[in-house]
Structures are given as C-alpha cells and as structure tokens.
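Comments concern the structure below.
The values are calculated or read from the model by the stated rules, or taken from the named source; none is laboratory data. Note that the structure is a prediction, hence the values are computed from the model and not measured. Note that each Cβ is placed from the backbone with ideal geometry, even for glycine, and that neighbours are counted across all protein chains shown. Just the protein is used for accessible areas: all its heavy atoms, side chains included, with ligands, DNA and RNA removed. Shrake-Rupley method; radii C 1.70, N 1.55, O 1.52, S 1.80 Å.
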Amino acid sequence: MRRDAYEKFLSQADAAYRVLDEGWFALPFTELHRWEAGFAARRALDEAYIRVRLVGPDDVAERGAGVLRSIGDEFRLHARIVNDSPDTAGSAAELEPPAHSAALRARLTSTTEFVTVARRALGSQLSALTQTGPDSAEQDEQV
C-alpha cells in the first residue's frame with residue numbers, strides 16, 4: 001500500500017510540474033483552461049497526499065507536505081509574475097529567470113527529500129517482509 005501511495009503521489013506531483021512548466025513558457029498565460037488545469041493538478045496532488053499521510057510513516061508524510069508547499073509556492077510565484085505583467089508578450093520564465101530557476105531548484109530539493117525518506121520507509125518494510133518471509137515458508141513446509 002505504501003509503494004502505491006508514494007507512486008501515486010509522485011505521479012500527481014509530476015502532473016502538477018507539467019502544468020507549471022507549460023505555464024512558465026506560455027505566451028501569454030491568460031487562458032482560463034490553464035488556470036483550471038493548475039487547480040485540478042493541485043487537487044489531485046492533495047488527494048494523493050492524503051493516502052501518503054494514511055500509510056505513513058510520519059517522516060514521509062512530512063516530506064510530502066514539503067512537496068505540497070513547494071508546488072503551492074511555485075503556483076503562487078507564477079501567478080504573481082503573470083498578474084504583475086498583464087500586457088507583456090514574454091513568458092513568466094523570460095520575465096523573471098531567477099524566480100524560475102529558484103522554483104526548479106525547490107522542486108528538485110523537495111522531491112528528492114520525499115523520495116529519500118520514501119525509499120527508506122519502503123526498504124524497512126521490505127526488510128521486515130524478507131525477515132518474516134523465510135520463516136513463513138518454513139512453517140508452511142512443517143504443516
């Protein structure tokens with residue numbers, strides 16, 4: 001269950017990143033469907049995060065919250081750039097390259113931290129299964 005929850009969460013984070021990438025380079029970013037796509041991506045990510053919280057452990061849920069915050073911050077940053085320059089012909093990435101670069105670094109950091117603790121959680125889960133697996137097999141043979 002953990003693996004499925006973590007994979008779904010990362011998949012939804014990737015979907016949100018794709019919406020953000022499209023937005024950063026869109027000319028101009030004023031179309032309503034793009035804003036709606038961002039909302040839908042964040043909603044799906046929130047729903048996937050609930051499963052991460054349910055299956056735990058706490059450190060994975062905390063890092064998942066970091067991914068959520070980072071994505072939310074990036075959406076707000078992007079919206080601010082777009083809203084501050086309504087008449088521009090340039091993309092948000094062209095308008096504020098340092099902001100775009102910082103957002104990409106935040107993505108990498110938060111996602112890497114999540115993956116690190118998720119792997120650790122899955123590793124300990126797999127170790128526990130491996131330790132009980134051979135014993136279970138021996139018991140089955142004795143029966």
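Can you tell me which residue among GLU113, GLU138, GLU94 is modelled with pLDDT under 95 and touching a helix residue (DSSP H, G or I) at 6+ places or on another chain (Cβ under 9 Å)? Before you say what the answer is, go through the steps one by one.
Working: GLU113 fails: modelled with pLDDT under 95; GLU138 fails: touching a helix residue (DSSP H, G or I) at 6+ places or on another chain (Cβ under 9 Å).
Sole residue among the options that is modelled with pLDDT under 95 and touching a helix residue (DSSP H, G or I) at 6+ places or on another chain (Cβ under 9 Å): GLU94.
Would you check which residues across region 57-79 are assigned to a helix (DSSP H, G or I), open to solvent by less than 50 Å² (accessible area, probe 1.4 Å) and more than 19 Å from LEU27 (Cα to Cα) and list them? It would help to see each step written out before you state the result.
So the first thing to find is which residues in region 57-79 are assigned to a helix (DSSP H, G or I), and the list is 58-79.
Adding the requirement that they be open to solvent by less than 50 Å² (accessible area, probe 1.4 Å) leaves 60-61, 64-68, 70-72, 74-75, 77-79.
If the condition is that a residue be assigned to a helix (DSSP H, G or I), open to solvent by less than 50 Å² (accessible area, probe 1.4 Å) and more than 19 Å from LEU27 (Cα to Cα), then VAL60, ALA61, GLY64, ALA65, GLY66, VAL67, LEU68, SER70, ILE71, GLY72 are the ones that fit.
Residues being open to solvent by 20 Å² or more (accessible area, probe 1.4 Å), within 17 Å of GLU22 (Cα to Cα), of a type outside the set (S, T, N, Q) and not in a loop (DSSP other than H, G, I, E, B): count how many of those fall in region 80-104.
Within region 80-104, residues that are open to solvent by 20 Å² or more (accessible area, probe 1.4 Å), within 17 Å of GLU22 (Cα to Cα), of a type outside the set (S, T, N, Q) and not in a loop (DSSP other than H, G, I, E, B) number 8.
Does TRP35 count as open to solvent by 60 Å² or more (accessible area, probe 1.4 Å) and either modelled with pLDDT under 95 or out of contact with any helix residue (DSSP H, G or I) (no Cβ under 9 Å at 6 or more places or on another chain) (or both)?
Values: open to solvent by 60 Å² or more (accessible area, probe 1.4 Å): yes; either modelled with pLDDT under 95 or out of contact with any helix residue (DSSP H, G or I) (no Cβ under 9 Å at 6 or more places or on another chain) (or both): yes.
Judged against the criteria, TRP35 is a match.
Of the residues in region 74-107, how many are closer than 17 Å to ALA15 by Cβ and either of a type in the set (A, V, I, L, M, F, W, C) or without any contact (Cβ under 8 Å) to a residue 60 or more places away in the chain (or both)? Walk me through it before giving the result.
The initial filter retains those residues of region 74-107 that are closer than 17 Å to ALA15 by Cβ, namely 74-75, 78, 103-104, 107.
After this cut, where a residue has to be either of a type in the set (A, V, I, L, M, F, W, C) or without any contact (Cβ under 8 Å) to a residue 60 or more places away in the chain (or both) as well, the list is 74-75, 78, 103-104.
Total satisfying the criteria: 5.
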